[in-house]
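One structure below.
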Amino acid sequence: MGPLKGLKIIEMEGLAPGPYTAMLLADLGADVLRIARPIPMEANVDVSTNFLNRNRISIPIDVKSESGKSALMDLVSNADALIEGYRPGVMEKLGLGPEACFSRNSRLVYGRITGWGQNGPLAQAAGHDLNYIALTGALHSMGSREGPPPVPLNLLGDFAGGGMLLAFGILAAIIEARHSGEGQVVDAAMVDGVSSMMTYIHSLKANSLWSDERGENILDGSAPYYAVYETFDSKYISIAAAEPKFYKKMLELTGLSDTELPRQNDRGSWPLLRDQLAKTFRSKTQAEWVAIMEGTDSCFAPVLSIPDAIEHPHNKAREAFINVDGHLQPAPAPRFMRTPAAVPTAEISLAEQNDLVLDESWGISPEALQDLINLSALQPSK
């Protein structure tokens, strides 16, 4: 099931961005084989609730051993792509870098995901999502004038600018390899991915429509009609009525008069407009505002917790969250008309379910696979 059925991907065990790339590909039908360390990186995580690792089989292989390296190279010979998220040079030191893999499979796409990229002055430095988005200008562009920029969830660098961009790059390189017969390295740096996503903001700035000073821009939370407000019951609602017709509708539904308020884009009067909107939205509960504004052209939505988001009628109608073995989790996306994704399954470890075998197209016999698993269990990496 899924549009990527038939693709074979090797995923080297990693944290967050790499597994997300693998999850996206596996959700859409790719056969993803996860190479786990003999001692797992996340030893205390239940595989049934580690949703990033869903839809794939994992094999514990000690790639520091000669037998482990040999087995991985056998798998590489039959793979379309490999995903790794180690610091630059680690795979080369193991004898598993791009050149070694290309010598076994010239059509292989070698996907590498890091924060800083494979080269540059910071390539070997440690970092996390917050650091990567800080270097791109994205973090500076968020939030109000008062105080430091807010710390967002690690979605922008790790997942959007990292894992998702690597998935896109891998698929593009696989398509190209089918024409040229040659694979290549895909260097997915989170700083590059986030910078790419900032193209629209750069365009606004080039047209003098964006200020480097927070508190001056519509989309950074400074505009009172593109903001979050507290309600009477200490919950929150979001308003994004940027266009005049949507702003007019928002005023109509709140009972405010356009003639009695400052002009929408009079930046000098934004504090007054914000105060009036804040007072108005505090006058009713979140549920009351939902009843008045949801589904209209006022660009409105309640700010929901994760449990509330799962239960929202729109998300339920679209089956945006699905129940897998008693665990609610986000459904595969996007949706495909002819080749829909299958219902996800939890990660399966061949070390724990030794009655399972790999598809024969991977080129490893059941006996050889079991010998490898037994060896890894006896000789874990130091």
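Here, each number is a calculation from the coordinates, and none is a lab measurement. Just so it is clear, the structure is predicted and the values come from calculations on it, not from any experiment. Don't worry about glycine lacking a Cβ; one is built from the backbone with ideal geometry, like all the others, and counts go over all protein chains shown.
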Å³ per residue of the Cα convex hull, for segment 1-128?
-> 114 Å³
Ranked by GNM mean-square fluctuation in the chain (Cα springs under 10 Å), the top entry among Gly120, Gly162, Gly85 is Gly120
Inter-centroid distance (Cα atoms) of segment 202-270 relative to segment 298-344, Å | 29 Å
Taking a threshold of 22 Å on the Cα-Cα distance, which of the pairs Lys205/Lys245; Lys245/Lys316; Lys5/Lys69; Lys249/Lys279; Lys8/Lys69; Lys205/Lys248 fall above it?
-> Lys205/Lys245; Lys245/Lys316; Lys5/Lys69; Lys205/Lys248
Top of Ser234, Ser65, Ser144 by mean-square fluctuation, Gaussian network on the chain, Cα under 10 Å | Ser234
Per the Kirkwood formula over distinct C-alpha pairs, the hydrodynamic radius of segment 207-311 in angstrom is 14.3 Å
Computed helical MRE - 222 nm, the chain, DSSP H runs ≥ 4 contributing -39500 (n - 2.57), nearest 500 | -9500 deg cm²/dmol
What are the semi-axes of the equivalent ellipsoid for segment 245-379, taken as the square roots of 5 times the Cα gyration tensor eigenvalues, largest first, in whole Å?
-> 56, 16, 15
Order of Ile133, Ile322, Ile310 under a 10 Å beta carbon neighbour criterion, fewest first | Ile322, Ile310, Ile133
Which of Glu367, Glu352, Glu260 moves most in a GNM of the chain, Cα contacts under 10 Å?
-> Glu260
The chain: spread of alpha-carbon positions along the three principal axes, whole Å, largest first, is 79, 47, 41
Report the far tail of the P(r) of segment 73-155, meaning the percent of Cα-Cα pairs longer than 15 Å.
-> 65 percent
Rg(Cα) of segment 16-86 divided by 2.2 N^0.38 Å?
-> 1.11
